[in-house]
1. Assess whether SER208 counts as being modelled with pLDDT of 80 or more, open to solvent by 10 Å² or more (accessible area, probe 1.4 Å) and hydroxyl-bearing (Ser, Thr, Tyr).
2. Which helices (runs of 4 or more DSSP H) sit wholly inside the stretch 262-364 and have at least 1 residues that are crowded, with 20+ Cβ neighbours inside 10 Å and of a type in the set (Val, Ile, Thr)?
3. Restricting attention to the stretch 55-62, does a residue exist that is open to solvent by 70 Å² or more (accessible area, probe 1.4 Å), farther than 30 Å from PRO316 by Cβ and at pLDDT below 90?
4. When you go through (1) surrounded by 12 or more Cβ atoms within 10 Å (Cβ to Cβ); (2) at pLDDT below 90; (3) more than 18 Å from ARG168 (Cβ to Cβ); (4) over 17 Å from the mean Cα position of the chain (by Cα) one by one for LEU48, which number turns out not to apply?
5. Kindly provide the set of residues from the stretch 226-239 that are surrounded by fewer than 20 Cβ atoms within 10 Å (Cβ to Cβ), touching a helix residue (DSSP H, G or I) at 6+ places or on another chain (Cβ under 8 Å) and part of a loop (DSSP other than H, G, I, E, B), ordered by number.
6. Which residues, counting only those in the stretch 85-113, are closer than 30 Å to LEU273 by Cβ, out of contact with any strand residue (DSSP E or B) (no Cβ under 7 Å at 6 or more places or on another chain) and at pLDDT 85 or above?
7. Considering each residue of the stretch 137-182, count those that are in contact with an Asp or Glu (Cβ under 8 Å, 6 or more places away or on another chain), open to solvent by 40 Å² or more (accessible area, probe 1.4 Å) and at pLDDT below 85, and give that number.
8. Only one of (1) surrounded by 20 or more Cβ atoms within 10 Å (Cβ to Cβ); (2) under 18 Å from the mean Cα position of the chain (by Cα); (3) within 17 Å of THR299 (Cβ to Cβ) is not met by LYS102, so which one is it?
Amino acid sequence: MRCDFCGRSQNEVELLIPGMNGYICNECAERASELVKEYLGKNHDKYLNDIKLSDVPKPQQIKEYLDQYVIGQEGAKKYLSVAVYNHYKRLSQDKDDVDIEKSNIIIVGPTGTGKTLLAKTIAKLLKVPFAIVDATVLTEAGYVGEDIESLLVRLLAACDYNVAEAERGIVFIDEIDKIARKSDNPSITRDVSGEGVQQGLLKLLEGSVVNVPPQGGRKHPEQKMIPVDTKNILFICGGAFEGIERKIAMRLNTHVVGYGAGNHVSKADQEKLLHYVAPQDLRSYGLIPEIIGRLPVVTNLEPLDRDALRRILVEPKNAIVRQYEKLMMMDGIKFSVTDEALDYVVDKAVEYKLGARGLRSIFETIMMDAMYSYPSTQKKKFELTLEYAKEQLEKSNFAIIASSM
């Protein structure tokens, strides 16, 4: 038996792969794979330039899709929908005197309000590569941690390392507030995971050719770097910015001089100070002016009120109640929950101030015993009542937490 491509015998190669009417050796197969990838990479520009705006979902359609999974946050969904649609416009623009530049976005919102969920949901709809990365592990070059360039590794992985496709993708940088400058006071120690990372991100956000290590940072120093141009990559940043409300309140109260200085913001708006977030507040929090200038669009997520939390339990396509209905149905058990039990879960979530994530943790605690015992029984129906929910929550650690608050 011989390879029908190179003619070498079975004893001269590691593996002969049989086909319909012949054989191919492992070395010829690897070379053929490289040629295919090289060909597809060269021709991908032509494919992307053929994107027709008529085939791209309009901003209203993108928002309607987000409405199916994310409750509330109308302002942030509009900003994201317009940004994604304009990203498609930029990819399909004609080469003339007017060059449409990208508008990177920064989203400010408390924990559990849906920043990461918005990113994951919009990724399902897009026809361009999308990656969600975390800023907490980043450090300045030369220190233990991840290099700034590693942000693009996941984007490359999302499109099978097709560089031309990755250069037109979207990157969501989560926990951007964790790289805020730690202190305004000069120090002999370097802020390697704060201001140092922000300075490293400047060229990445604005647009430059970055050498990306495909196997990770300094773990494989002998690896061949992949050059990636970030000019057309849209960056969306999200962060909780815990405590930024105080910065906003201080700025608002300095606009008026006199006895009524603190009265121009209504009492109702005191609970929604994030609605007034501005670039100067981000600077006061610890972001350097250069990086704020490269994130021109600033929007916010509103804290979830009781009605929004109640809707989150039952309305979205992947609502928690629907997930438990599916889990129980896989064991042949019909699951139902009373309105009183739902209101009780919402009340506890508001009490613990954990946002939408608190709903899942409370629900998991309440349902643990039922999920453990019911699959082994012959029962075909389970109803979650207020009495059962109270009993289960009082037996758990949540009761200890509530008593210490």
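1. Details: modelled with pLDDT of 80 or more: yes; open to solvent by 10 Å² or more (accessible area, probe 1.4 Å): yes; hydroxyl-bearing (Ser, Thr, Tyr): yes.
Judged against the criteria, SER208 is a match.
2. Values: elements: 279-285, 289-293, 306-314, 320-329, 339-352.
Filter on the stretch 262-364 gives 289-293, 306-314, 320-329, 339-352.
3. Start the filter on the stretch 55-62 by keeping residues that are open to solvent by 70 Å² or more (accessible area, probe 1.4 Å), which leaves 55, 58, 60-61.
Among the residues that remain, those that are also farther than 30 Å from PRO316 by Cβ are: none.
Looking for residues that are open to solvent by 70 Å² or more (accessible area, probe 1.4 Å), farther than 30 Å from PRO316 by Cβ and at pLDDT below 90, one finds none in the stretch 55-62, hence no.
4. (3)
5. Within the stretch 226-239, the subset surrounded by fewer than 20 Cβ atoms within 10 Å (Cβ to Cβ) is 226-227, 229, 231-232.
Still in the running and touching a helix residue (DSSP H, G or I) at 6+ places or on another chain (Cβ under 8 Å): 226-227, 232.
Within the stretch 226-239, ASN232 is the sole residue that qualifies.
6. TYR85, ASN86, listed by residue number.
7. 4
8. (2)
The values are calculated or read from the model by the stated rules, or taken from the named source; none is laboratory data. Nothing here was measured: the structure is a model prediction, and the numbers come from that model. Cβ coordinates were reconstructed from backbone atoms using ideal geometry, including for glycine residues, and neighbour counts include every protein chain displayed. The accessibility values were calculated without ligands, DNA or RNA, using every heavy atom of the protein model including side chains. Shrake-Rupley method; radii C 1.70, N 1.55, O 1.52, S 1.80 Å.
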